[in-house]
Each structure stands twice: as C-alpha cells, then as structure tokens.
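The next block holds one structure in the form of structure tokens; read it before the comments.
The values are calculated or read from the model by the stated rules, or taken from the named source; none is laboratory data. Owing to the predicted nature of the structure, the values given are computational and were not obtained by experimental measurement. Note that we place each Cβ from the backbone using ideal geometry, even for glycine, and neighbour counts take in every protein chain shown. Surface accessibility is based on the protein's heavy atoms, side chains included, excluding ligands, DNA and RNA. Shrake-Rupley method; radii C 1.70, N 1.55, O 1.52, S 1.80 Å.
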Amino acid sequence: MFGFGKKLRKDLPAIDISKKKVKGFFGREKIVPRSKMEQQKLKAELIKQYPDRYFVDNLGEYNSIKSRDELSWIDDIEAFDAFMDE
C-alpha cells in the first residue's frame with residue numbers, strides 16, 4: 001500500500017540547482033543563489049532527464065537535499081554536546 005513511489009539512487013551525485021553562475025564586473029564570473037521560481041522551472045526540466053536523482057535546492061520536496069553552509073559543522077558539534085550533557 002505504501003512505499004511504491006520512485007526509488008531515488010543514493011550512489012549517484014546530487015544535482016545542485018540552488019546556485020548559478022552570472023557574469024560580474026570586468027568579465028569575471030560569480031556564483032549567486034537562484035530564486036525559488038528559477039529552481040522550480042529548472043527542476044521540472046531536469047526531472048524529465050534524471051527521474052532518480054536527488055537535487056540540492058531550497059524547495060523542500062521529496063527529492064530535495066539542503067546544501068550545507070560553511071559553518072554548519074558548528075551546529076552539529078553543539079547538538080552533539082547538548083546530547084552528551086543530558
């Protein structure tokens with residue numbers, strides 16, 4: 001009855017659609033975040049090609065993975081420390 005959805009493969013790398021490259025000043029490229037609308041459109045196109053992949057985005061859907069920021073390891077240490085103190 002339950003669990004007959006699509007199987008997502010964890011052995012394949014996730015596709016990052018949360019950021020994009022844009023041209024900055026003096027011809028340099030920089031990476032900026034995509035809007036949620038851009039992420040939805042791009043994800044709809046990519047799901048047709050890659051139905052069994054995970055996506056790094058901010059949409060919170062069944063096949064979404066949130067990207068970890070550079071300092072998220074501090075939160076993990078604090079959570080572990082709070083767990084061990086109890």
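Details
- Conditions (1) at pLDDT 80 or above; (2) within 10 Å of the chain's Cα centre (by Cα): number failed by Asn63: (1)
- Sole exception among (1) exposed (fewer than 11 other Cβ atoms within 10 Å of the Cβ); (2) over 24 Å from Arg9 (Cβ atoms) for Lys48, by number: (2)
- When region 13-37 is filtered for residues that are under 14 Å from the mean Cα position of the chain (by Cα) and of a type outside the set (Val, Ile, Thr), the ones remaining, listed by number, are Pro13, Ala14, Asp16, Ser18, Lys19, Lys20, Pro33, Arg34, Ser35, Lys36.
- The set of residues in region 54-65 that are over 10 Å from Ile17 (Cα atoms) and either open to solvent by 40 Å² or more (accessible area, probe 1.4 Å) or part of a helix (DSSP H, G or I) (or both) comprises Tyr54, Gly60, Glu61, Tyr62, Ile65.
- Evaluated against (1) open to solvent by 100 Å² or more (accessible area, probe 1.4 Å); (2) modelled with pLDDT of 85 or more, Phe2 falls short on exactly one condition, (2).
- Taking the listed residues Phe80, Phe26, the one that is surrounded by 10 or more Cβ atoms within 10 Å (Cβ to Cβ), at pLDDT 85 or above and in a helix (DSSP H, G or I) is Phe80, with no other qualifying.
- Among the residues making up region 29-45, those that are hydrophobic (A, V, I, L, M, F, W, C) and open to solvent by less than 50 Å² (accessible area, probe 1.4 Å) are Val32, Leu42.
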